Amino acid sequence: MKVSTLRLLADARRAKAGGERAMATRQHTRLAELVAWARTRSPYYRHLYRSLPAEGADLGELPVTRKSELMAAFDDWVTDPAVTFTAARAFADDPARIGEPFAGRYTLTTTSGTTGTHGIFLQDDRAAAVAGAMMARMLLGWLNMRDVARIARGGGRMALVAPVGGHFASTVAAARLRGRSRVAVFSVQQPLDELVERLNAFRPAVLAPYASIGALLAGEAEAGRLRIDPALMVLSAEGLPLPEHTRIAAALNAKVRTSYAANECPFLSYGCEHGWMHLNADWAILEPVDEQYRPVPAGRPSHTVLLTNLANRIQPILRYDLGDAVQTRLGHCPCGHPGPAVRVQGRAADLLTFPRADGGEPASLAPLPLATLLEAVPGLELFQIVQTAPAALRIRLHPAPGADPDIVWQQVETRLSELLARHGLAHVAIERAGEPPRQNAGGKYRTVIPATAATPSTR
């Protein structure tokens with residue numbers, strides 16, 4: 001049955017207007033429905049929940065799930081028997097199919113494996129409709145009439161700056177947006193001066209870059225090279241210190257907002273003017289927990305978080321260890337949004353800064369172009385780029401089983417060398433590390449580590 005985004009949006013607006021009680025009522029009902037669906041349709045969950053009461057199990061009674069376990073049990077996890085890991089993997093490995101529906105009806109994205117396991121995630125029509133409704137609710141919360149008028153005066157043009165050269169989820173999003181006359185998609189892997197030139201020509205009213213790219217663009221605006229006047233700048237994927245948001249807003253004369261989400265739940269939350277991420281608690285649950293998965297009280301950083309996506313039925317996500325550290329707000333947020341709000345501790349956007357060979361102004365690269373370039377290397381399971389000196393990068397590799405390490409390294413070295421050369425940084429040395437990628441204290445693999453963050457334990 002086709003799900004109506006408009007009907008979902010109407011319900012979402014009623015839920016927000018109804019406050020925490022309305023959000024909690026919907027959350028409770030939808031959780032019970034999802035648990036019943038998973039037990040009926042997913043062999044994995046049927047086995048996992050075999051010792052739980054037939055009805056009425058509390059959220060805290062449900063076992064924790066992890067990406068490595070779900071990927072290993074992919075065919076039993078999904079609720080559509082026609083979907084298999086082999087078919088999904090083949091689809092993900094074919095660049096020509098990016099943007100197409102998988103199996104004719106699902107959106108497929110992949111994750112880069114910061115927890116050590118690559119993920120393949122599917123979204124059904126219902127989840128896509130909920131994502132659309134949450135996006136609309138987010139924009140209605142962000143924009144006032146003055147903002148809307150300013151966007152209209154700017155022709156309603158939107159610029160998406162994303163890693164479309166290798167990052168699967170971003171390329172899927174870009175493929176859907178291309179062809180719309182008022183939307184332009186720009187690659188993060190092009191040199192900064194070229195990106196600035198193209199943005200100046202397009203003159204977007206809404207600009208949506210990854211956070212680290214937003215910081216670079218603010219610097220270009222401060223230097224007078226970027227001459228655009230966006231009403232709204234939406235930063236995503238990475239965290240930035242709050243003072244950086246203020247700097248970007250001033251440099252571009254734009255309202256700056258953020259979002260916190262994941263492939264496992266693209267509609268998880270959206271940010272407010274006070275720097276908090278407000279959970280869409282009517283459709284998602286986020287539990288801050290310690291190392292033993294015990295609840296962490298508001299005001300204290302968590303070790304990780306457990307995510308429950310209440311919308312997606314093809315791949316039920318229930319108490320899923322997302323790996324991010326968050327801090328929940330104590331008390332209500334001044335912005336007035338009901339329900340829990342968090343700040344994410346585990347995502348940081350650090351720029352790599354290199355000296356110029358001719359002694360000119362140092363060049364900065366966002367970590368994203370480097371990381372997404374290597375995500376597309378065949379046979380590369382995991383990697384880590386460490387800046388060991390002002391003009392030196394050390395690359396740690398973990399090839400996939402059966403892949404030739406030397407061939408993988410040749411691809412990595414070639415791609416990185418070409419990217420650095422395009423940015424006028426051909427003098428930067430690239431070294432193959434003997435050691436594998438290393439986890440940080442939170443158990444994640446940080447893919448890019450700038451010199452300023454490369455402590456002895458991460459070197």
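Exactly one residue among Tyr293, Tyr320 is in a strand (DSSP E or B), within 23 Å of Arg66 (Cβ to Cβ) and not aliphatic (A, V, I, L, M), and that residue is Tyr320. All of (1) surrounded by 15 or more Cβ atoms within 10 Å (Cβ to Cβ); (2) modelled with pLDDT of 95 or more; (3) touching a Ser or Thr at 6+ places or on another chain (Cβ under 9 Å) hold for Arg30 with one exception: (3).
Considering the conditions (1) touching a strand residue (DSSP E or B) at 6+ places or on another chain (Cβ under 9 Å); (2) closer than 23 Å to His332 by Cβ, Leu34 is excluded by exactly one of them, (2). A count restricted to region 345-363 and to residues that are within 22 Å of the chain's Cα centre (by Cα) and either of a type in the set (Phe, Trp, Tyr) or modelled with pLDDT of 80 or more (or both) stands at 1. Does Tyr293 satisfy being of a type outside the set (Val, Ile, Thr), in contact (Cβ under 8 Å) with a residue 60 or more places away in the chain, touching a Ser or Thr at 6+ places or on another chain (Cβ under 9 Å) and buried (at least 19 other Cβ atoms within 10 Å of the Cβ)? Taking the combined requirement at face value, the residue does not satisfy it.
Evaluation of Pro81 against the conditions (1) over 19 Å from Ala129 (Cα atoms); (2) over 25 Å from the mean Cα position of the chain (by Cα); (3) of a type outside the set (A, V, I, L, M); (4) assigned to a helix (DSSP H, G or I) shows that the sole unmet condition is (4).
Elements of the type strands (runs of 3 or more DSSP E) sitting completely within region 325-378 and holding at least 1 residues that are closer than 26 Å to Gln411 by Cβ and of a type outside the set (S, T, N, Q): these cover 352-354, 363-365. Contact map, region 364-381: residues that are in the same structural domain as Ser187 (by TED's automatic domain parsing) paired with residues that are outside any loop (DSSP other than H, G, I, E, B) and surrounded by fewer than 19 Cβ atoms within 10 Å (Cβ to Cβ), Cβ distance under 8 Å, separation 6+ or inter-chain. No pairs are found.
Taken over region 285-342, the criterion of being within 26 Å of Ala38 (Cα to Cα) and hydroxyl-bearing (Ser, Thr, Tyr) is satisfied by Tyr293, Thr304, Thr308, Tyr320.
The values are calculated or read from the model by the stated rules, or taken from the named source; none is laboratory data. Computed from a prediction, not measured in an experiment: that's the story for all the values here. All Cβ positions, glycine included, derive from the backbone under ideal geometry; neighbour counts span all protein chains shown.
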